[in-house]
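One structure is given here, and the rest of the page talks about it.
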Amino acid sequence: MERFFKAEAIVLATTDFGDANRVVTFFTKEFGKIEANAYNCRRSNNPLSGAMQMFNHISLEFVKTQPVYRVHEAEIIDFYNINEDLMKIAYASIFFEIANKMTPIGQVDDGVFYLLLDSLKAFDKRNPRIATLIAACQFIQISGFALEYPKSLEKIFTMFLNFDWQENSKFSIKSGELIEVEKIIMKNVQSLIESPLNSLKFLESIKSLTPKK
């Protein structure tokens with residue numbers, strides 16, 4: 001007998017297979033990270049087609065089958081304007097890839113769930129590059145790893161780590177400092193995941209297409 005489970009979920013990653021199917025990685029509030037097959041979801045007339053997109057916040061019903069779970073129903077709770085801007089897509093993809101690669105299957109963590117949710121709202125309204133760096137810093141901290149950075153940049157990293165996503169606060173950071181902070185964060189990430197970030201290649205391809213001012 002099939003067992004059905006409901007969860008509040010964020011679409012963390014997708015991989016297409018077959019003519020119209022998709023393996024979807026979700027981070028759920030109730031079960032942590034899970035992977036499930038969404039059959040025929042790439043067909044426009046399929047009820048799952050809208051919900052099985054990256055960065056969606058959804059209500060999910062899935063079936064626990066072996067070895068892979070199966071999506072039964074899904075309804076969008078909220079979606080953001082990220083997919084309307086290639087630069088937003090690129091930076092959001094970097095953070096979501098970090099979260100996906102560093103999060104084990106089945107580990108429930110409210111901190112990670114709400115950080116993913118808060119970051120989605122920020123990518124839509126804030127500078128996506130800075131939002132990615134703040135989210136990556138906080139994710140490393142939530143995951144229990146020490147973030148290594150020089151004393152000279154302690155003020156900026158402290159600001160990133162303590163940043164309140166719910167407040168409409170603003171801050172400024174110099175271009176040179178931003179570049180240095182970005183290098184340090186990416187170095188920390190690479191040492192933790194021990195594999196290249198595919199989303200960085202996508203970002204570079206987008207930058208190459210953007211006319212220089």
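The values are calculated or read from the model by the stated rules, or taken from the named source; none is laboratory data. Values in this document were obtained by computation on a predicted structure and should not be read as measured data. Counting neighbours? That spans all protein chains shown, and the Cβs are built from the backbone with ideal geometry, glycine included.
Summary of values
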{"quantity": "Breaking point among (1) touching a Phe, Trp or Tyr at 6+ places or on another chain (Cβ under 7 Å); (2) within 24 Å of I142 (Cβ to Cβ); (3) crowded, with 19+ Cβ neighbours inside 10 Å, for D118", "calculated": "(3)"}
{"quantity": "Filtered residues of the range 22-38 (kept if basic (K, R) and under 15 Å from the mean Cα position of the chain (by Cα))", "calculated": "K29, K33"}
{"quantity": "Given (1) in contact with a Pro (Cβ under 8 Å, 6 or more places away or on another chain); (2) modelled with pLDDT of 95 or more, number of the condition E35 does not satisfy", "calculated": "(1)"}
{"quantity": "Where a residue in the range 53-67 is within 18 Å of D118 (Cα to Cα) and its partner, wherever it lies, is surrounded by 14 or more Cβ atoms within 10 Å (Cβ to Cβ) and acidic (D, E), with Cβ under 7 Å and at least six apart", "calculated": "S59/E8"}
{"quantity": "Filter result for L86 (among the hydrophobic types (A, V, I, L, M, F, W, C), assigned by TED's automatic domain parsing to the domain that holds T103 and farther than 26 Å from G111 by Cβ)", "calculated": "yes"}
{"quantity": "Single residue of the range 31-50 satisfying the filter (hydrophobic (A, V, I, L, M, F, W, C) and touching a residue at least 40 places away in the same chain (Cβ under 8 Å)) that is surrounded by the most Cβ atoms within 10 Å (Cβ to Cβ)", "calculated": "I34"}
{"quantity": "Residues satisfying the stated conditions in the range 104-149, i.e. touching a residue at least 12 places away in the same chain (Cβ under 8 Å), under 21 Å from S172 (Cβ atoms) and in a loop (DSSP other than H, G, I, E, B)", "calculated": "Y149"}
{"quantity": "Residue within the range 44-58 that is of a type in the set (A, V, I, L, M), modelled with pLDDT under 95 and over 17 Å from the mean Cα position of the chain (by Cα) present", "calculated": "no"}
{"quantity": "Selected residue [under 18 Å from the mean Cα position of the chain (by Cα), part of a helix (DSSP H, G or I) and not aliphatic (A, V, I, L, M)] from F202, F163, F157", "calculated": "F202"}
{"quantity": "Test result for I179, free of Cβ contacts under 8 Å to residues at least 12 places away in the same chain, assigned by TED's automatic domain parsing to the domain that holds G144 and in a helix (DSSP H, G or I)", "calculated": "yes"}
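Yes or no, residue by residue, for (1) surrounded by 11 or more Cβ atoms within 10 Å (Cβ to Cβ); (2) touching a strand residue (DSSP E or B) at 6+ places or on another chain (Cβ under 6 Å); (3) farther than 17 Å from Q138 by Cβ; (4) in the same structural domain as A136 (by TED's automatic domain parsing):
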{"position": "F160", "(1), (2), (3), (4)": "yes, no, no, yes"}
{"position": "F163", "(1), (2), (3), (4)": "yes, no, no, yes"}
{"position": "Q166", "(1), (2), (3), (4)": "no, no, no, yes"}
{"position": "K174", "(1), (2), (3), (4)": "no, no, yes, yes"}
{"position": "S191", "(1), (2), (3), (4)": "no, no, yes, yes"}
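Residues are listed down the side, and each one gets a yes or a no for (1) closer than 23 Å to A20 by Cβ; (2) outside the structural domain of A9 (by TED's automatic domain parsing); (3) buried (at least 21 other Cβ atoms within 10 Å of the Cβ):
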residue	(1), (2), (3)
N56	yes, no, yes
L60	yes, no, yes
R70	yes, no, no
A74	yes, no, yes
A90	no, yes, yes
F95	no, yes, yes
I98	no, yes, yes
M102	no, yes, no
I105	no, yes, no
